[in-house]
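Structure record follows, encoded as structure tokens.
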Amino acid sequence: MEFNLTKVQFNVLIASIIGDGEITKIHPKSRRRNNSYREHYGTEQKDYREWKISFLPELLYITPKSNSVRSASLPLFTQLFPYFYFNKTKILPIQLLQWCSLPHFLSILYMDDGSLSIPHRINHKNKKIYLLPHIYLYLQCYKESELIILKEHIFSTFGIVFNLSRRKDGHGFVLKTTSVKETFNFLNIIFPVTQNCSSMFYKTNWNYRFDLEKNKWNKKYPCYEIIESSSYRNKKYTEAEIKSLLNYKMNGLADKKIAEKLNRSYWSVVYKIRELKDMKLL
């Protein structure tokens, strides 16, 4: 399908329209011949919006006074409009999902409409606090049948398992990762895209978010150990793996590259490096 966009631009734009963006309607008395794009945001998210439109610099721009991302009226958005709207209602562009196969799609969808929720479990006897991170995609504006199609697309394309989770507003459902393992898999997939967007690290960078959570809980329970409850954490590193990790790190290899060489998740390596630093081995 031809939209005169690169694959990255297509994935970013489609995720944006599914998420916070909208294609404006043409009113009967309007002089406009084509639709346009519009996306409102809070002032605290300006840096993120600037980062996002850097993928589409010739298409989107920011209007600071209205805190919005906009485009000119273009044939592109007239062409896209029927995929996203039916009977004046926003719908999931099911026909376009097959081309939404890059991690940019997941990244934008998540940063627009998702959150990193961190329930916890406290073991007062052992003085340990376990963090149980989950990803939520707050897409309750779409029908349950549409979310089922989206979660199946995410699984078949990216291998991430989401479940429907009930919600009182909208059409009554959002998407939620099924386990802590799936949460870390999700963060690992979007990391190459999101690593340069520091304003969203509280959602996308587990190392950064873990430190925030650790500081928060240490104020309340200063003598407790804060632990991320992850299957990655429980899979022990062999002595050979630790030796290789130390060697790679001391030679300046990036954490992502170390993860690839060890066939581990990025966040598993990040956690292990932090542990080795606490042990004064790095």
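The values are calculated or read from the model by the stated rules, or taken from the named source; none is laboratory data. Remember, predicted model here, so these are calculated numbers, not experimental data. Heads up, the Cβs are rebuilt from the backbone with ideal geometry, glycines too, and the neighbour counts pull from every protein chain shown. Keep in mind that these areas ignore ligands, DNA and RNA; they rest on the heavy atoms of the full protein, side chains included. Shrake-Rupley method; radii C 1.70, N 1.55, O 1.52, S 1.80 Å.
For residue 228, the residues whose modelled amide H falls within less than 5 Å of its own, excluding neighbours fewer than 5 places apart on the same chain, are 131. Considering only alpha-carbon pairs that sit under 8 angstrom and 6 or more positions apart, the relative contact order computed for the chain is 14 percent.
Could you order 169, 255, 47 by accessible surface area, starting with the largest, using a probe radius of 1.4 Å?
Values: 169 65, 255 35, 47 95 Å².
Largest accessible area first, the residues go 47, 169, 255.
Amide H contacts of residue 128 (H built 1.01 Å from N, in plane; Pro and chain starts excluded): 123, 225 sit under 5 Å, all sequence-distant by 5 or more or on other chains. Between residue 211 and residue 46, what FRET efficiency follows from the Cβ-Cβ distance if R0 is 22 Å, with the result rounded to 0.05? So the FRET efficiency works out to roughly 0.35. Measuring spread by the Cα atoms of segment 73-122 yields a radius of gyration and Dmax of 15.7, 55 Å. Remark: the chain carries 53 Å² of accessible area per residue (probe radius 1.4 Å; ligands, DNA and RNA excluded).
Suppose R0 equals 51 Å. What FRET efficiency, 1/(1 + (r/R0)^6) with r the Cβ-Cβ distance, do residue 220 and residue 98 give to the nearest 0.05? With a Förster radius of 51 Å, E is 0.60.
Scaled to the compact-protein estimate 2.2 N^0.38 Å, what is the alpha-carbon radius of gyration of the chain, rounded to two decimal places? Let's see the in-between values first.
On the way: Rg = 21.2 Å, N = 282, 2.2 N^0.38 = 18.8 Å.
In units of the globular-protein estimate, the chain measures up at 1.13.
Please tell me which of these pairs span more than 28 angstrom C-alpha to C-alpha: 143/235; 7/243; 7/235; 125/151; 181/261; 52/243? List each step's numbers first, then the result.
On the way: 143/235 39 Å; 7/243 40 Å; 7/235 36 Å; 125/151 39 Å; 181/261 20 Å; 52/243 39 Å.
Where the Cα-Cα span goes over 28 Å, the pairs concerned are 143/235; 7/243; 7/235; 125/151; 52/243.
Loop-resident trypsin sites (Lys or Arg not before Pro) (DSSP state other than H, G, I, E or B) in segment 230-282 with no more than 14 further Cβ atoms inside 10 Å of their Cβ: 235, 236, 280.
Within segment 15-89, report the GluC sites (Glu not before Pro) that DSSP leaves as loop and that have at most 13 other Cβ atoms within 10 Å.
Working: sites: 22, 39, 44, 50, 58; in loops: 58.
Those that pass, being in a loop and sparsely packed, are 58.
Taking the charge dipole of the chain about its Cα centre, with +1 at Lys and Arg Cβ atoms and -1 at Asp and Glu Cβ atoms, the residue from 42, 122, 162 reaching farthest to the positive side is 122.
Apolar share of the accessible surface for segment 208-277: 49 percent from carbon plus sulfur atoms, 1.4 Å probe.
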